1. Taking the stretch 122-137 only, how many residues are within 15 Å of residue 36 (Cβ to Cβ) and among the aliphatic types (A, V, I, L, M)?
2. Being closer than 20 Å to residue 99 by Cα, of a type in the set (Gly, Ala, Ser) and free of Cβ contacts under 8 Å to residues at least 40 places away in the same chain is the filter here, so list the residues in the stretch 40-84 that pass it.
3. Taking the options 30, 85, name whichever one is more than 14 Å from the chain's Cα centre (by Cα) and of a type in the set (Phe, Trp, Tyr).
4. Could you go through the stretch 117-124 and let me know if any residue there is in contact with a Cys (Cβ under 8 Å, 6 or more places away or on another chain), surrounded by 13 or more Cβ atoms within 10 Å (Cβ to Cβ) and not aliphatic (A, V, I, L, M).
5. Among the residues of the stretch 161-185, write down those that are farther than 24 Å from residue 70 by Cβ, of a type outside the set (Phe, Trp, Tyr) and either open to solvent by less than 50 Å² (accessible area, probe 1.4 Å) or in a loop (DSSP other than H, G, I, E, B) (or both).
6. Testing residue 22 on (1) modelled with pLDDT under 95; (2) touching a Gly at 6+ places or on another chain (Cβ under 6 Å); (3) over 20 Å from residue 130 (Cβ atoms), one condition comes back false. Which one is that?
7. Residues being assigned to a strand (DSSP E or B) and either open to solvent by 50 Å² or more (accessible area, probe 1.4 Å) or aliphatic (A, V, I, L, M) (or both): count how many of those fall in the stretch 37-54.
Amino acid sequence: MLDWIKNINKEHPDFWKDYLTKFETKPNRFVVLSTETSGLNPDKDVILSLGAFSIVDDSIVIKDSFESVLLQTNFLQDNNISNEFIIESKMIKMEEPEAIEKFINFIGNAVLVGHHINFDIEMLNSALERLDCGRIKNEALDVDMMYRKLMDINDKQFSLDDLCDIFKIPKSDRNSSSEDAYKISLLFLKLKSRLGIK
């Protein structure tokens, strides 16, 4: 059955209705995001953490950022996955519904940017479906695709580490969604200027 049929006459949460009204104006910022997930299947896996930074006028706006660990306790128990990562994390911890609502409020109508961004968006869409919401409406840009366009490469994908090596962006030992979002932000600024994206 077509997705949109399921949503006809469905009463959406207020935060989702607010989100939809934001697309009446043109976006004035980019939001670079990264997710850490329990796996690669949006139908079965969940988001464990989310990190994001705003970019306005070619600058990363550190104070306009989002960072959260999602408390996916039931999922982890049901799948015998250790929750050590959640316990040890210093990031703000929220239940999935609260984190997703705050994240949707944070992104507004911004153009989303990521590394293999379609996967992140599908994971967010799955979480939104659990909240009786629609699908993400934001435009999206992918740094891997931007690099391939710049170099005219069609037959190869590049990992985040590959791109960081190419553009001499330092890697850190700490691996988190926020760290990745920051690295993707630096990559995006370099690619954006070379591709002439405004």
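1. Selection size over the stretch 122-137: 3.
2. Residue satisfying the conditions is 68 alone.
3. Numbers: 30 fails: more than 14 Å from the chain's Cα centre (by Cα).
Testing whether each residue is more than 14 Å from the chain's Cα centre (by Cα) and of a type in the set (Phe, Trp, Tyr) leaves just 85.
4. No.
5. Result: 163, 164, 168, 169, 170, 171.
6. (1)
7. Total meeting the criteria: 4.
Here is a yes/no grid of residues against (1) at pLDDT 95 or above; (2) aromatic (Phe, Trp, Tyr):
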{"position": "10", "(1), (2)": "no, no"}
{"position": "30", "(1), (2)": "yes, yes"}
{"position": "33", "(1), (2)": "yes, no"}
{"position": "49", "(1), (2)": "no, no"}
{"position": "64", "(1), (2)": "yes, no"}
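The values are calculated or read from the model by the stated rules, or taken from the named source; none is laboratory data. Note that this is a predicted model, so its numbers are computed, not measured. Every residue, glycine as well, gets a Cβ built from its backbone with ideal geometry; the counts of neighbours run over all protein chains shown. Just so you know, the surface numbers come from the protein's heavy atoms only, side chains and all, with ligands and any DNA or RNA stripped out. Shrake-Rupley method; radii C 1.70, N 1.55, O 1.52, S 1.80 Å.
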